[in-house]
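Notes follow the structure.
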Amino acid sequence: MKTIKILHGINSFNIPKDVINSAEPVVFKQLVGDWPMVQAGQVSDQASVDYLKSFYNGNSTIVCKIPAENNGRMFYNDNCTSLDYESFKGRIDETLDAILDGVNQIDAPAYYIASNIIDTHLPGFNDKNKIVIPRNKHPDAMAERVSIWIGGATTATCHFDALDNIACCAAGKRRFTLFPPDQISNLYPGPLEPTPGGQVISLVDFKNPDFQKFPRFRDALLTARFAELEPGDALYIPSMWWHHVESLEPYNILVNYWWEDAPAFLTSGMNALYMAMLGVRDKSAHEREAWRHIFNHYIFDGAEKSNAFIPVEARGFLHVLDRLGVRKLRALLINKLNR
């Protein structure tokens, strides 16, 4: 396991574009150390809570309540058919109070609010606590999705996201363990549903790994990258990188920025995965191998390689897709699936 590269002297408005373009994880030391949110937390946890409450508009959100015996880990029951914690609609202010109330109680449950869109619940927060991301975005790309994560000493089990991410530690401390995308098989991903946060998670307990049950996890650890964030630090996590996140203090706040520079009218890669399960995965071994080459040609090598020798007028879906092309392709798929 090796530490992630740390960059100093960068503020929230001068993030280097080449760092983002490298698609390698990096820590920005004290990138958001001047945020009022971070400064409030330096005074006390209560001051941080009071600062957050000053923006709260009262809207309900999904709150996770994790039994004390889970030690903050959000996971499954024994046969992975259901989650081992409770989720309910609640209030942000009441959850913040519950977190602080449980700080000195050994048997207190842990509370967690995951990926809450800030503008829908904390209007005005982003105006005073923000970063500028240097993007190479398509004109129709999504705007940054800015979310807040609120909780006690909880663990977000290793998973990946299909968006680029800058995670800003606003209060408490967080330990990140990252793995490159090619380690998926060595991380033993679990069911596609249900999942704790919508993304498939590793079945390995990182605090007590069972190497007899999960022997290839040793190989994954050889590739692991490690970072521990203090308040004001930020971490760039490239899309598709697996990351395991441990909150190390009784009270922790993280603000993250998600984005993708491709046009927003494209569909999710997960939809392509489900389609491949439907049409490719359960075919014979030699047919699957043939499809691997076909996918490489048409998909993974990019449109430019597959269409370069075809007259422009005849390229059809082999063009780089625009909004009209996406609509036509969706209609084609729906028609074929409904036959």
- Message: What does the C-alpha gyration tensor say about the overall shape of segment 269-337? Classify as rounded when a/c is under 1.5, otherwise prolate if a/b is larger than b/c, or oblate.
- Response: oblate
- Task: Based on other C-beta atoms within 10 Å, arrange 145, 323, 225 from fewest to most.
- Result: 323, 145, 225
- Run the dipole for segment 246-339 about the Cα centre, Lys and Arg Cβ at +1, Asp and Glu Cβ at -1, nothing else charged, and hand back the magnitude in debye, nearest 20. 680 debye
- Query: Arranged by the count of other C-beta atoms within 10 angstrom, fewest first, what order do 195, 81 take?
  - Reply: 81, 195
- Item | Top positive-direction residue, dipole computed over the chain with Cβ charges, set 335, 131, 177 | 335
- Along the charge dipole of segment 2-259, which of 229, 40, 191 sits closest to the positive end, that is, farthest toward it, with unit charges on the beta carbon of Lys, Arg, Asp and Glu (+1, +1, -1, -1)? 229
- Query: What ranking of 55, 179, 28, 309 emerges when the number of other C-beta atoms within 10 Å of each C-beta is taken as an exposure proxy, fewest first?
  - Reply: 309, 55, 179, 28
- Query: Whole-Hz Karplus ³J(HN,Hα) for segment 166-180, in order, using 6.51 cos²θ - 1.76 cosθ + 1.60 and θ = phi - 60°, x for Gly and Pro?
  - Reply: 10, 9, 10, 7, 9, 6, x, 9, 9, 10, 10, 10, 10, 9, x
- Task: Kindly rank 333-339, 164-170, 130-136 from highest to lowest mean number of other beta carbons found within 10 Å of each residue.
- Result: 164-170, 130-136, 333-339
- Projected area averaged over all directions for the convex hull of the alpha carbon atoms of the chain, nm², comes out at 20.3 nm²
- For the chain, share of DSSP beta bridges that run antiparallel, in % to the nearest 5: 90 percent
- Item | Cα centre as origin, Lys/Arg/Asp/Glu Cβ charges: the chain dipole, Debye | 1120 debye
- Query: For the chain, what relative contact order do you get, as a whole percent, if you take Cα pairs closer than 8 Å and at least 6 residues apart?
  - Reply: 22 percent
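Read-outs: derived from the displayed coordinates by stated rules, not from any lab. It should be emphasised that the depicted structure is a prediction, and the values quoted were computed from it without experimental measurement. Positions of Cβ are generated from backbone atoms using ideal geometry, with glycine treated the same way; all protein chains shown enter the neighbour counts.
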